Amino acid sequence: MTAPVANDRLQKRFDKWDSDGNGILEWSDFEQEAAKIAQNFGADARSKEAKALREGFRNLFDHLTQAAGAPSNGPLSRDQFLSVTQNLIFEGGEADFNRALGPVVKGIVGLCDKNADGQINAGEFEAWLAGIGVDRSAAQEAFRKVDSDDNGELSVDELLAAVREYHFGRLDVELLG
């Protein structure tokens, strides 16, 4: 993974999450991202699934602000965000990465796991990617790439590994939009 690829992907993530475009990340930006994702899945904002996703984003925001030494409600500058997320991805190890992003991924799984088995099948995965703007054929190809054990289901661990591999530049499946 080259540093420029990682930096580019993290810059895009910052811009996506900076919903009001003011050049800093605040809790309200993360809250709006969670609400947008829930809405894309057709979930009521008061549903337990939407609340779980919101809590996942809160966990992530708290992790990032704490790691940056920022106040608990932020804000995070672009430089702080890049520094902290690069460290999370490349230095912190898989356990730290999963601790920070696991609740967000689990929240999204909760929104699209229609059969409530804790795994994502191909149809549910297509709905996930449609929720973040990916067309069906690209979603089918992405499913094959993410299903590392070829069992036709995606576990939270496989999904977290895919998010991490995306940031390492070894997978071009952007699961977080």
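The values are calculated or read from the model by the stated rules, or taken from the named source; none is laboratory data. Here the structure is a predicted model, which means the values were calculated and not measured. Methodologically, a virtual Cβ is constructed for each residue, glycine included, from the backbone with ideal geometry; neighbour enumeration extends over all protein chains shown. These area figures cover heavy atoms from the full protein model, side chains too; ligands, DNA and RNA do not enter into them. Shrake-Rupley method; radii C 1.70, N 1.55, O 1.52, S 1.80 Å.
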Which angle between 0 and 90 degrees, to the nearest 10, do you get for helix 93-112 versus the longest principal axis of the chain when only C-alpha atoms count? 50
Positive-end residue of N40, G93, L159, charge dipole of the chain with Cβ unit charges: N40
Normalise the Cα radius of gyration of the chain by 2.2 N^0.38 Å (N = residues in it) and let me know the number. 0.98
With all protein chains present, how much of the accessible area of segment 134-177 (probe radius 1.4 Å) comes from carbon and sulfur, to the nearest whole percent? 43
Please compute the Kirkwood hydrodynamic radius over segment 99-164, one decimal place, Å, based on all pairs of different Cα atoms. 11.7
Between E141 and D172, what length comes free when the chain is fully extended (0.36 nm per residue of separation minus the Cα-Cα distance, one decimal in nm)? 10.1 nm
Too-long pairs where the Cα-Cα distance tops 18 Å, listed order kept, from K114/K145; K12/K145; K16/K114; K16/K48; K48/K106: K114/K145; K12/K145; K16/K114; K16/K48
Relative to the Cα centre, what is the charge dipole magnitude of segment 62-175, using +1 at the beta carbon of each Lys and Arg, -1 at the beta carbon of each Asp and Glu, and rounding to the nearest 20 debye? 360
Over all distinct alpha-carbon pairs, what is the Kirkwood Rh of segment 1-53 in angstrom? 12.4
To test your reading of the geometry: what angle, between 0 and 90 degrees and rounded to tens, separates the Cα axis of helix 122-131 from the longest principal axis of the chain? 40
More than 15 Å apart: what percent of Cα pairs in segment 39-115 qualify? 59
Percent of accessible area on segment 1-89 owned by carbon and sulfur, 1.4 Å probe? 47
Helix axis angle, 48-68 relative to the chain longest principal axis, alpha carbon, degrees: 30
Cα-based Rg of segment 70-140 normalised by 2.2 N^0.38 Å, two decimals: 1.41
